[in-house]
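Worksheet: the structure to be examined is printed underneath.
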Amino acid sequence: MKISSWQLLILLFLSRIFIAITYFTLEDISPSVMMSTSAISVATDMVLVIPAIFLYKNYPDENVIISAFKVSKIFGIILTVLYFIFAVFMIFRTVRFFLYFFENAFSNLLPTLVVGVMLIAAAAYVAHLGIEAAARSSSIVFAVFILLLIAVVATTAEDFDITNYYVEHIDTNDVFGGIVSGLSRSSEIVVLVLVLPYLKTGITKSVYGFLLLKLLFVEMIILLCMLFLGGYMEAVQFPFFTVCSFAKAPFVDRLDAIFLVVWTLIGVIKLSLFTISLRPASVLLKPLQNSAVTNLVPFVLGGAPALYFAYKEQMIIPLLDNELTAAAIVLLGTVIPLVVLILRRFKREKN
Amino acid sequence: MKRISLLCVLILLVSIALTGCGGRKPDSVGIVQAIGIDKANDGFNLSLQVFRVSSSGSQTPIDSSKTNVEVISAEGKTIANAVQLCENQLGKKIFFGHNQLLVINKEVEDIYSCLDYFINNDDAYIGMIVAATEKKAKDIISADISSGAVAAETMKKIFDISKKDGYCTDSRFYKVISNYINTKGTAVLPLIEKRSQAISDKSKESGEPAQDTLEIKKAILVKDSKFSETLETDEVFGINYFLSQVDDADMTVNTSYGTESAKLHSVKQNAEITEQNNSVAIDKEITVRITLEKEESKDHIDEIKAEVEKKIKEYIESACKKLFYENSADVMNITSLIRQKDYKLYKKLKDDPDEFIKNIKTDIKVSAVY
Amino acid sequence: MNIDDKNYAHTLLPESAKDFKTMLKAAAGNTMDVNISDIEVSGHKCVFVAAEGMISTQALSELVFHPLMEFNLDHKASAEEVYTFLTQQSLMTIDRQELSTFGEVFMRLFSGFAIIFIDGKNKAVSLGIQGYDKRSIENPSSDTNIMGGQDGFIEALRTNVSLVRRRIKSPLLKFELMQVGKVTKTDIAISYLSDKVDKKIVDEIRKRLMDIELDTIFSTGYIKPFLEDKHKSIFSSISTTDRPDSMCIKLNEGKVGILIDGTPFALILPSVFIEEFRTVDDYTTRSFYTVYIRWIKYLSFILAVALPGLYVSIASFHPGMLSHRLLLNLVASQESTPYSLTTEAVIITIMYEIMREAGIRLPKAVGGAVSIVGALIIGDAAVTSSLISAPLLIIIGLTATASFVIPGLNQQTSVLRLVYIAVGGLFGLYGISILTIAVIANTCVLSSMTVPYTAPVSPLTVNRLTNILGRPSFLRLQKTKRRVEDLTGVKK
């Protein structure tokens, strides 16, 4: 089961845009600073993905865990456990964030538990169907997302006020904060090093295409919110969602519920990607050979705490922008693949 | 096994759906069309214009010749409290998603606390018009306007037309809040009045009850979350021309050939900001395209253009005088403009906006194009 | 030798006519439709066997008995002489086969062949003089169109083969005959264009058909599950058609057609989702109209599946999405109805399915009355008595009409519609989105002989997107060869 470079690009993009379209303004960072730091964050990502690219080019049918097993079994097992924990954590964080948004934007709609269970069940199902199903579905979801964006821009464009756009000067604190913020939301860097065996060809095109597309859309969304809402952005928690609540389409007076539909579609794809990415390496470790273990256990381990914290109404949003999360992503997405590459080369030269 | 479980899920879903669990009937929510907020002894008096179907039966549509609304009121310490009491009165959950208009009585002391409730309400429509009134807000939203399915539809149309003609500023909810946040507590709201007029002389003679209508000619300034000065019609025009919010407006000018009418279209603008002697200077160029109502007027187009330019400049200058110099109020996006053009200057001024607004120098150039 | 109805298939024919008759009767039992006659051909004893009603009596008399009577040697003919006459020298029929086992004898016998067994020779000869009653060629019943051919497949395999052959007069068009079904031994013909098709697909199909262990094959539904890929989806990656012209178009794209004796429908694979929206009329109308109608069909599919569910979910959970006037009208119409929108929608949908099914099963003369009863009386009465609201009735009516636009997806739209209503009514647009992604994933995972079912949309094949927008122009078609293999995403 292989996917094309375009499909991988879309998968990674959707995974990232899930957070970007619920771009929120909890921190005391202006949207102008956010735009500038996003660009810097993407530039950083472009450097951080280099080990993944080299890993693919040297060992195209292996991901970081499989390569680690070829160095030594113990090393492989350790990495399997690490990435498994990361997948569980990301599932927890994604589900909790989803429920947080849902509670704030659609508080009267459904009980949180029902929402969470349905989301996890759908993601587990898509993950069970495999990477091809997720990749092909993502193309369709991407098209729907673009349609939503076009509808929103088209119906709000006449109310854009150019005076709402400004460029704020940034300092080193902003730069560092932006990089940390961007990194802690970029779990795709880690997912990338795990899904490499699924890729047919074209890693560079895929990865850099994803980063550029991400930058384009993140900037576009922040700019849209700035131009339309202006100062109102500071009063609301999810500005893009608020813009959608004003936007219209033929037969539909508000697009906020459509936003929910699109966001849910994207969220399911994102969640399924975490367990799908574990699968190539799962054949090497006996407990993981059962697909139910690889598929369901992370969802249970990650989803249950998320549902619990949602029930307790405890905010876990600080987890989103956190130095620890950023460090973990750099470690698992860049440092470890680099170490594995070096060790493989060392072992090859020794032999 | 898989097929059995899928079948079970299907049967379960359909059975649950048949029990009526989940969802609400659309008629189980009270659809609010307009909101009025008056001052009460201890808090607010909230009035809601709620849709109430005048003809029932699943085949008959709503009857446009009837008002199809009812107005309910409740007093509460806060808006949320008042809303809850209204729900108790109505026996339905209140839905603000289609609310068109929010009218606030001039005597209400804290405007922002009124608006804050709607910022946090998931359903509230951010494009609703926010207006003020010197009379009771309840009277405004109780206006007996029988055209349209509900009165609020017609009210909104009145606002839309008035805005296009320059009589009313753009007071959509999110715009008001945006300006409020940018300028730390300033906004301008249209002032709305209710008038009763007979439909025709015949109906007047026969003693038929007069129809209500709304009139918007003035505006009111909000400063530090309180209502402040009233702005006259000319000053409202000035704001709208300054912000290029006029389109398809009529203007009557006096020329040596008599009174002439011109239609104004697509106002364009260009602004430059400079810092001069610790104060801010704004050079504004406004271009207006005009069309004439009478073909003969073409012969003295230059004079008409000159008069139009003069009039627009007068409007803007009177608005600037009232707003900047007398009230230190920025409702014309000056702060945003400075922030956009010169962020360093903005940083210098943002902590004391009143001071720099009071000392602002404006140089307005208007050119009319035919 | 002992023979019965279980071991007859590989039992060799005896030499003596007496043994042949005994063994034949033992294997066939006392069945009344097997006629066994003793005849003499130029003095040599033979046995003539035919199935009741399966052979043409005119052909029998003119093509078989007459030449046999004419064959009159001046001496008593030997077994070999009679056999040579039957197999090589006479011009009885074109379709002559030598048979050496009882399995072959019964195969031919019940396919309408006449069997002549020669005493002293352990072989029999079958003569193709079929004359069983078959339906005449009529308009296709399910895939109707305006300007394409008006002939459709019938139950007889050989007639269907000729309908296809008439349209593709090329030796590259191949038909491979095989028998499937342990008891029925149903004739199945695999057809393909040898220069267009991927041989691996044909081999795979052949292998899967041969691996079928069913006793009986009576329709396409028996074979479909064996040809589909392992992933079970609500959609089928194999399409059916009862139109020879439609089948020819698909054969030209490198697809494989399977004709089954006894059913007027052919199976076509590999098939993709978009093909359900393609008809022969697309190739007979101007391209702008084809584009227009194609998009009407896409819209119809979405309406047929999702409109009631969307309506129920939006009206119940997200009334702000509806336009102001529409919402007010909706509220007005719901004022006096007793049930929630979801319950109403489920009831109406089930009522519609009952009427639709009744309309299919009832005799044609009465079928029309069902639609009148359903539409006018029940629907109108339900609205007048405030049992259901008028907008919902309009929605369901529109949905029902839309579902007829794509008859090939009728099963899926019927079930999905109900699921969408239930899910939308219980969970709002959130439920709809969860269900939608599940359906999309379920559809996307499907492949038909390595061709992704959602091609050319996903995976994206840019140069085949014209197939989705409308149809490629004939000028372009004459320059490029379009094959279904191009959709696998494998670059050659």
Worksheet item: So what J values fall out for the stretch C:105-120 if you push phi through Karplus, 6.51 cos²θ - 1.76 cosθ + 1.60 with θ = phi - 60°, rounded to Hz, Gly and Pro as x?
Response: 4, 5, 3, 6, 4, 7, 9, x, 8, 8, 10, 10, 9, 9, 4, x
Worksheet item: Mind listing the phi-derived Karplus ³J(HN,Hα) values for the stretch B:276-288, rounded to whole Hz, using 6.51, -1.76 and 1.60 with θ = phi - 60°, and x for any glycine or proline?
Response: 10, 6, 6, 9, 9, 10, 10, 9, 10, 10, 10, 10, 10
Practice prompt. Could you pull out every residue, at least 5 positions away or on a different chain, whose amide H is within less than 5 Å of the one on residue B:103? Hs are placed 1.01 Å off N in the peptide plane, and Pro or chain starts have none.
Written response: B:35, B:36, B:37, B:131
Discussion item. Quick check: Cα centre of the stretch B:324-370 to Cα centre of the stretch C:386-426, how many Å?
Written reply: 58
Worksheet, complete the sentence: Stretched fully, the stretch from residue C:57 through residue C:229 gains (0.36 nm per residue minus C-alpha distance, one decimal, in nm) 57.3 nm
Worksheet, complete the sentence: Rounded to the nearest 5, the percent of antiparallel DSSP beta bridges in the protein assembly as shown equals 80
Practice prompt. Please list, in chain and number order, the residues 5+ apart from residue B:69 or on another chain whose amide H is under 5 Å from its amide H, with Hs placed from the backbone.
Written response: B:52
Discussion item. Taking each residue in C:340-347, count the Cβ atoms of any other chain within 10 Å of its Cβ, then average. What number comes out?
Written reply: 6
Practice prompt. Sort C:473, A:38 by accessible area with a 1.4 Å probe, largest first.
Written response: C:473, A:38
Response to the item:
For chain C, Rg(Cα) over 2.2 N^0.38 Å is 1.26
Discussion item. I need the calculated FRET efficiency for the pair residue B:112 and residue B:351, taking r as the beta carbon distance and R₀ as 22 Å, to the nearest 0.05.
Written reply: 0.65
Discussion item. Please list, in order, the residues from the stretch B:301-338 whose amide nitrogen is less than 20 Å from a point placed 7 Å along the Cα→Cβ vector of residue B:292.
Written reply: B:301-312
Response to the item:
Under the rule rounded for a/c under 1.5, else prolate if a/b exceeds b/c, else oblate, using alpha carbon gyration tensor axes a ≥ b ≥ c, chain A is classed as prolate
Discussion item. Restricting to DSSP H runs of at least four residues, report the calculated mean residue ellipticity at 222 nm for the protein assembly as shown, -39500 (n - 2.57) per run over all residues, nearest 500 deg cm²/dmol.
Written reply: -15500 deg cm²/dmol
Worksheet entry | Sequence of C:208, A:96 from largest to smallest accessible area, 1.4 Å probe | C:208, A:96
Discussion item. With the crude spin-label approximation of a point 7 Å out along Cα→Cβ, what separation in nm comes out for residue A:176 versus residue B:228?
Written reply: 4.1
Discussion item. Helix C:341-361 against the longest principal axis of chain C: what's the angle in degrees, Cα atoms only, rounded to the nearest 10?
Written reply: 30
Worksheet entry | Sequence-distant lysines (8 or more away, or on other chains) whose Cα lies within less than 20 Å of residue C:134 | C:185
Worksheet item: Once phi is turned into θ = phi - 60°, what whole-Hz ³J(HN,Hα) does the Karplus curve with 6.51, -1.76 and 1.60 give for every residue of the stretch A:74-90, x standing for Gly and Pro?
Response: 4, 4, x, 5, 4, 5, 4, 4, 4, 6, 5, 4, 4, 4, 4, 4, 5
Worksheet item: In peptide B:8-15, how many Cβ atoms from other protein chains are near each Cβ within 10 Å, on average?
Response: 4
Practice prompt. Past 26 Å, Cα to Cα, is the threshold; run C:6/C:174; B:226/B:321; B:164/B:322 against it and keep the listed order.
Written response: C:6/C:174
Worksheet item: Can you give the accessible area of residue A:84 in Å² (nearest 10), computed on protein heavy atoms with a 1.4 Å probe?
Response: 40
Practice prompt. Using the charge dipole of chain C (Lys, Arg: +1 at Cβ; Asp, Glu: -1 at Cβ; taken about the Cα centre), state which of C:241, C:141, C:296 has its Cα farthest towards the positive end.
Written response: C:296
Worksheet item: Counting partner chain Cβ atoms within 10 Å of every residue's Cβ in C:451-463, what's the average?
Response: 3
Practice prompt. Could you work out how far apart the two model spin labels at residue C:219 and residue A:61 are, taking each label as a point 7 Å from the Cα in the direction of the beta carbon, and quote it in nm?
Written response: 4.5
Worksheet item: How about the stretch C:274-383: which trypsin sites (Lys or Arg not before Pro) there are in a DSSP loop, with at most 12 other Cβ atoms within 10 Å of their Cβ?
Response: C:286
Discussion item. Suppose we look only past 61 Å in the calculated P(r) of the protein assembly as shown. What percent of the Cα-Cα pairs does that tail hold?
Written reply: 29
Item to complete: For chain B, find the longest principal axis of its Cα atoms and tell me its angle to the long axis of helix B:2-19, 0 to 90°, nearest 10.
Response: 80
Discussion item. Going by Cα centres, the stretch C:81-110 and the stretch B:262-277 are how many Å apart?
Written reply: 101
Discussion item. What do you get for the angle between helix B:111-120 and the principal long axis of chain B? Use alpha-carbon atoms, 0 to 90 degrees, nearest ten.
Written reply: 50
Discussion item. Between the stretch C:1-71 and the stretch C:215-280, how far is it from one alpha carbon centroid to the other, in angstrom?
Written reply: 38
Worksheet item: Taking the Cα centre of the stretch C:17-128 as origin and charging only Cβ (+1 Lys, Arg; -1 Asp, Glu), how large is the dipole, in debye to the nearest 20?
Response: 280
Worksheet item: Mind listing P(r) for the stretch B:233-370? All alpha-carbon pairs, 10 Å bins, whole percents.
Response: 12, 41, 27, 14, 5, 0
Worksheet item: Taking a quarter of the surface of the Cα convex hull of chain B, what do you get in nm²?
Response: 28.4
Item to complete: Would you please give the residues with an amide H less than 5 Å from that of residue B:329, counting only those at least 5 places away or on a separate chain, with H modeled from the backbone geometry?
Response: B:324
Item to complete: Choose one of C:126, C:61, C:92: the residue whose Cα lies farthest towards the positive end of the charge dipole of the stretch C:17-128 (beta-carbon charges +1 Lys, Arg; -1 Asp, Glu; about the Cα centre).
Response: C:126
Practice prompt. Rank-order B:154-163, B:278-287 by packing density, defined as the average count of other C-beta atoms within 10 Å over each peptide's residues, highest first.
Written response: B:154-163, B:278-287
Item to complete: Identify all lysines with a Cα-Cα distance to residue A:347 below 20 Å; exclude those on the same chain that are fewer than 8 residues away in sequence.
Response: A:57, A:70, A:73
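The values are calculated or read from the model by the stated rules, or taken from the named source; none is laboratory data. The shown structure was predicted, so the numbers you read here are calculated from the model rather than taken from an experiment. Cβ: placed from backbone, ideal geometry, glycine included. Neighbour counts: every protein chain shown. For accessibility, only protein heavy atoms count, side chains too; no ligands or nucleic acids. Shrake-Rupley method; radii C 1.70, N 1.55, O 1.52, S 1.80 Å.
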